[in-house]
Amino acid sequence: MKQLIAAVALVLSFSAAAADTELQQALAGSHREPANVARDGFRHPAETLAFFGLKPNQTVVEIWPGGGGWYTEILAPYLKANGKFYAAHFDPNSTSDYYKKNLAAYQAKLAAKPEIYGKVELTVFNPPTQLAVAPAGSADLVLTFRNVHNWWMRGGGDANVQASFKAMFTALKPGGVLGVVEHRLPAARPDSDQEKSGYMHEAYVIKMAESVGFKLAAKSEINANSKDNADHENGVWALPPTLTNGDKDREKYLAIGESDRMTLKFVKPGK
């Protein structure tokens, strides 16, 4: 029996090492944009994805990957051989120029390198009406990076945030994981500061996720930044990489770096 246990442990260790190697290969790939690679020190992709439990044979959904597909550059090649990757993007019929521009840029990125991105499956996510990010109960892992504030802002409020989390809950298998990274508003600040700053209260994000059935499994400070007090003219966008205030206090914001971020791991009960 002890020999069997030892053999199983050895197989699992080899599997984990192989998965880590594949992730490192994706991170080191020449297909990644240099500007994206430069942000690894702030976004900690290897540590973040390991915390969420990413494996190369999983079905993974990324919510709103943006025009540049920062995490798609890592996830698509990593999952290409043995997994499944859904990119839940903006509505192609949207009247928003921002949505249309970013979706077009993402689609062009995928089309330019089919050897890397040819198996990415695009779906539409437009809360609260278009929520089928992947077939119900199919996903092992759903990931959303710096998006919760978008669902809250511009009058979205609780209903929009809950609809978003419910969509992710529906897509996941029982026992599946939701990984959330979001700009963090200090607990002492009023909820109203969430409306325009781009920062969210960690307790609020947890409350909204748990309100649709998720259970908080773990927190991590992987993406914390103690230099960021979340109090900037024009909100989080004053910081890199956006630097929306131009040359005004530019050196100060560069010295702060990217935002302080919560990193939360939720589980869909069951299994």
Among the candidates ALA230, ALA224, single out the residue that is closer than 30 Å to LYS173 by Cα and either more than 18 Å from the chain's Cα centre (by Cα) or surrounded by fewer than 21 Cβ atoms within 10 Å (Cβ to Cβ) (or both). ALA224
Any residue at all in the range 71-85 that's among the acidic types (Asp, Glu) and in a strand (DSSP E or B)? no
The lone exception for GLU22 - which of (1) of a type in the set (D, E, K, R); (2) buried (at least 16 other Cβ atoms within 10 Å of the Cβ); (3) in a loop (DSSP other than H, G, I, E, B) it fails: (3)
From the option list ARG146, ARG189, ARG184, ARG154, single residue qualifying as open to solvent by less than 50 Å² (accessible area, probe 1.4 Å) and of a type in the set (Lys, Arg) is ARG184
Any idea which of (1) surrounded by fewer than 22 Cβ atoms within 10 Å (Cβ to Cβ); (2) in contact with an Asp or Glu (Cβ under 7 Å, 6 or more places away or on another chain); (3) closer than 22 Å to LEU131 by Cα is the one GLU210 doesn't satisfy? (2)
Counting only residues that are of a type in the set (Lys, Arg) and out of contact with any helix residue (DSSP H, G or I) (no Cβ under 9 Å at 6 or more places or on another chain), the range 72-112 contains a total of 3
Any residue in the range 213-221 that is surrounded by 16 or more Cβ atoms within 10 Å (Cβ to Cβ) and closer than 21 Å to TYR71 by Cα? yes
Under 6 Å between Cβ atoms, at least 6 apart or on separate chains: pull out the pairs that start in the range 27-48 with a residue that is under 26 Å from TYR253 (Cβ atoms) and end on any residue that is in a loop (DSSP other than H, G, I, E, B) and of a type in the set (Val, Ile, Thr). HIS44/ILE222; GLU47/ILE222; THR48/ILE222
Would you kindly identify the helices (runs of 4 or more DSSP H) lying entirely within the range 164-271 that contain at least 3 residues that are touching a residue at least 40 places away in the same chain (Cβ under 8 Å)? 194-197, 202-211
Meets criteria (in contact with a strand residue (DSSP E or B) (Cβ under 9 Å, 6 or more places away or on another chain), within 26 Å of ALA87 (Cα to Cα) and not β-branched (Val, Ile, Thr)) for LYS166: no
Give the range 48-65 a look and list any residue that's of a type outside the set (Ser, Thr, Tyr), part of a helix (DSSP H, G or I) and touching a Ser or Thr at 6+ places or on another chain (Cβ under 8 Å), or say none. PHE51
Residues being outside any helix (DSSP H, G or I), in contact (Cβ under 8 Å) with a residue 40 or more places away in the chain and more than 16 Å from the chain's Cα centre (by Cα) - total across the range 86-119: 2
Run VAL133 past the list (1) part of a loop (DSSP other than H, G, I, E, B); (2) without any contact (Cβ under 8 Å) to a residue 60 or more places away in the chain and report the number of the one that doesn't hold. (2)
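The values are calculated or read from the model by the stated rules, or taken from the named source; none is laboratory data. In this text the structure is predicted, and so the values were computed from the model without any measurement. Note that we place each Cβ from the backbone using ideal geometry, even for glycine, and neighbour counts take in every protein chain shown. Each accessible area value is taken on the protein alone, full model and side chains, heavy atoms only, with ligands, DNA and RNA left out. Shrake-Rupley method; radii C 1.70, N 1.55, O 1.52, S 1.80 Å.
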